[in-house]
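Down below is the structure, laid out as structure tokens.
The numbers here are math on the coordinates, done by the rules we state, and not lab data. Here the structure is a predicted model, which is why all the values come from computation and not from measurement. Heads up, the Cβs are rebuilt from the backbone with ideal geometry, glycines too, and the neighbour counts pull from every protein chain shown.
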Amino acid sequence: MSGWLRFAPIFLLVLIVAAMLWRLANPPDTTVHSQMIGKPIPQFALAAAVPGISGFSSAQLADGKPKLIHFFASWCVPCTGEAPVLDHLKKQGITIEGIAIRDRPEELAQFLARNGNPFDRIGSDPESKTQLAFGSSGVPETFVVDGHGRIRLQHIGAIEANEIPAITAVVEQAR
Amino acid sequence: MIRSSFPRKRESRFSRRAWILVFARMTKRVAVIAALLFAVPTFADSDMPPAYWADRQLPNSQQEAQAQGLMQEIRCLVCQGESIADSDAELAGDMRDLVRRRIAAGEKPASIRGWLIQRYGNWISFRPPTQPVGWPLWLAPFVLLLAGGFLAASRLRRRRSQ
């Protein structure tokens with residue numbers, strides 16, 4: 001066997017170990033990005049999630065004004081912390097439509113009483129059907145939808161205070 | 001406090017106090033480990049019951065077989081290494097419900113897979129379509145077989161010539 005070929009297995013081993021170490025140091029991105037960006041919103045019609053606040057359908061969203069579609073739930077801990085940010089966005093004149101995932105009216109009412117209600121309408125999605133139709137995979141997630149009912153942006157996880165400008169910029173573009 | 005379990009100060013080997021101390025710390029350790037063993041991981045799940053068709057078979061066995069076939073090839077969005085057929089995640093249950101409902105309504109598995117791919121990309125399916133990017137993977141067995149044959153042939157030739 002020629003000289004350098006003898007070291008090939010060791011070289012291969014070093015390469016494999018290096019690849020493993022690299023993967024350990026840089027874990028893969030496990031967030032699921034929706035492929036629906038730029039596409040029209042899926043068809044849906046959601047019943048009211050709490051008495052007193054109406055539900056909504058996809059047809060009602062294409063009214064010429066951009067909106068935020070916010071997937072949340074009363075049992076979702078990060079959603080509680082997001083309340084002040086949503087309130088801030090609402091005060092900037094942005095319409096926020098809520099979609100409550102697998103929620104009960106009484107628990108949702110308590111959640112809104114505790115954290116305030118930044119939503120114009122809240123639809124109930126008890127089997128995550130609409131969430132799946134949006135290509136969303138968890139709560140909280142926020143989609144920016146333009147006035148023609150086209151999805152412009154997906155924000156995965158709670159919106160942090162420093163991420164507000166990025167969201168409002170996309171909403172402004174969508175006007 | 002599992003850290004620094006033994007007394008730093010050197011005490012007599014037979015000091016009763018030291019033994020009691022060690023024993024006390026050991027029990028504490030065991031208690032902590034036991035607590036960790038029996039701790040329930042907190043999943044960010046609702047306390048709603050699973051969707052109707054999440055854990056229920058379709059009455060039509062042919063349709064159920066179709067649904068099973070598809071569910072075993074759709075990736076769970078939460079436990080990403082598992083299929084929705086295997087995953088205990090709530091969202092996986094909702095996806096099984098979606099698959100069974102659509103199959104019961106007469107939709108073909110390929111169409112449901114397509115619907116999911118449109119939303120989540122090819123990643124959602126464990127049976128990816130053959131694309132140029134996957135060609136090396138398909139060719140690899142033949143290349144390796146050829147290389148192995150070549151290696152074996154050259155070795156045999158050398159041995160015969162010795």
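A few points about this structure:
- Of all DSSP beta bridges in the protein assembly as shown, antiparallel share, percent nearest 5: 60
- Estimated vicinal HN-Hα couplings, Hz - segment B:122-130 in sequence order (Karplus 6.51, -1.76, 1.60; Gly, Pro = x): 4, 3, 5, 9, 7, 10, x, x, 6
- Three-way shape label, segment B:61-124, alpha-carbon gyration tensor, a/c 1.5: oblate
- Cα shape, chain A, gyration tensor, a/c 1.5 rule: prolate
- Long-range amide H partners of residue A:57 with built H, under 5 Å: A:46
- Ordering A:99, A:159, A:76 by Cα displacement along the dipole of segment A:58-174 toward the positive end leaves A:99 in first place; charges were set at the Cβ atoms of Lys, Arg (+1) and Asp, Glu (-1).
- Using the Cβ-Cβ distance between residue B:30 and residue B:88 with R0 set to 35 Å, the FRET efficiency works out to roughly 0.70.
- Remark: the protein assembly as shown carries a charge dipole of roughly 2520 debye about the Cα centre, counting +1 on each Lys and Arg Cβ and -1 on each Asp and Glu Cβ.
- The mean sequence distance of close C-alpha pairs (under 8 Å, at least 6 residues apart), as a share of the length of chain A, puts its relative contact order at 29 percent.
- Helix A:8-25 axis, angle to chain A major axis (alpha carbon atoms, nearest 10°): 20
- Over chain A: helical MRE at 222 nm, DSSP H runs n ≥ 4 each giving -39500 (n - 2.57), nearest 500: -10500 deg cm²/dmol
- HN-Hα J in Hz across segment B:56-68 - Karplus 6.51, -1.76, 1.60, θ = phi - 60°, x for Gly and Pro: 10, 7, 5, x, 7, 5, 5, 5, 4, 5, 4, 4, 4
- Shape category assigned to the protein assembly as shown from the gyration tensor of Cα positions, a/c cut at 1.5: oblate
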